[in-house]
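Some notes on the structure that comes next.
We did not get these values from a lab; they are worked out from the coordinates using the rules stated. Since we're looking at a predicted model, the values are computed, not measured. Please note: Cβ atoms are built from the backbone with ideal geometry, for glycine as well, and neighbour counts cover all protein chains shown.
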Amino acid sequence: MIKNINKANELIKQTEKEALEIIKKREFIKSKIVDNSIAIDFIIDCLTKKNMMI
């Protein structure tokens, strides 16, 4: 049971790390863009999404 809890905690930490990386990328990209159109938001989403292969 403790092994499962530790594994879950590791997965949570990894997810938090990946989320922070995505937020940083989005903020950086947005700082380089003046116009916040839907097309630009789409480009940002494409550049910051990570393909999850499970």
Length released on extending from Glu16 to Lys3, taking residue separation times 0.36 nm less the Cα-Cα span
2.7 nm
Among 21-32, 4-15, the order from most to least packed when residues are scored by Cβ within 10 Å on average:
21-32, 4-15
